[in-house]
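Student: Encoded as structure tokens, here's the structure I'll be asking about.
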Amino acid sequence: MRKEQLLIAFSGLNQGEHHFNFEIGNKFFEQIENSLIKKGNASVDVHFIKMSAMLQLHLSFTGNAQIECDRCLGEVFIPLSGKDELIVKLGGEEINDSSNIMTIGANDAEINITLFVYEMIALNLPFRKIPCEILNDQSVCDQEMLSKLNELRAEDQTNNNENNPLWDGLNKLKNLN
Ligand SMILES: [Zn+2]
């Protein structure tokens, strides 16, 4: 699989402000292990500040991600946007107590922000993945699938009442008397 890693080669840059933009697509999300997003795209902006012992990144993105609807199981694209900040320390002790601070070797020439960007986007996924509510458009849901699912649920309920183990147990007790 071709990798779509997001690398910033900073060793040749002057100290001060720089700007980067990354356009990412399906390949980006496919390379992430257990990705919560299977298909999507985003434009990622990085406001990058190089200092002598530290890099400061202000990231923001807008994009679309395909989600599976919790209600009708249909696959729909929803818009996402967000921002986050990352501090990269050059050399020194590794700090693991914050996901917003990264430590790299003093002689490293580039940083890899692939996972950081993935997490920034994935964190913006809604908890309730019901696209018609998110997009405020009832026509998004697969109505045919919804009525099928409702029928199945209703059948399930009837079966459950007939074969409820609690009633079986009570009936056995009754028969003992
Ligand atoms: Zn739906």
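Student: Which members of the stretch 99-120 meet the condition of being open to solvent by 40 Å² or more (accessible area, probe 1.4 Å) and either polar (S, T, N, Q) or under 17 Å from the mean Cα position of the chain (by Cα) (or both)?
Tutor: Once the filter is applied, which keeps residues that are open to solvent by 40 Å² or more (accessible area, probe 1.4 Å) and either polar (S, T, N, Q) or under 17 Å from the mean Cα position of the chain (by Cα) (or both), the stretch 99-120 yields Ser99, Asn100, Asn107, Asn112, Leu115, Glu119.
Student: Looking only at residues in the stretch 125-137 that are surrounded by 15 or more Cβ atoms within 10 Å (Cβ to Cβ) and part of a loop (DSSP other than H, G, I, E, B), which one is farthest from the ligand (Cβ to nearest atom)?
Tutor: The qualifying residue farthest from the ligand (Cβ to nearest atom) is Lys129.
Student: Name the strands (runs of 3 or more DSSP E) wholly inside the stretch 1-62 in which the number of residues that are surrounded by 13 or more Cβ atoms within 10 Å (Cβ to Cβ) is 3 or more.
Tutor: Where strands (runs of 3 or more DSSP E) fall fully within the stretch 1-62 and carry at least 3 residues being surrounded by 13 or more Cβ atoms within 10 Å (Cβ to Cβ), they are 16-24, 40-50.
Student: Go through (1) open to solvent by 70 Å² or more (accessible area, probe 1.4 Å); (2) touching a helix residue (DSSP H, G or I) at 6+ places or on another chain (Cβ under 8 Å); (3) within 30 Å of Ser147 (Cβ to Cβ); (4) without any contact (Cβ under 8 Å) to a residue 60 or more places away in the chain and name the single condition Arg71 misses.
Tutor: (4)
The values are calculated or read from the model by the stated rules, or taken from the named source; none is laboratory data. The model shown is predicted, which means the values in this text are computed figures rather than measured ones. Heads up, the Cβs are rebuilt from the backbone with ideal geometry, glycines too, and the neighbour counts pull from every protein chain shown. Just so you know, the surface numbers come from the protein's heavy atoms only, side chains and all, with ligands and any DNA or RNA stripped out. Shrake-Rupley method; radii C 1.70, N 1.55, O 1.52, S 1.80 Å.
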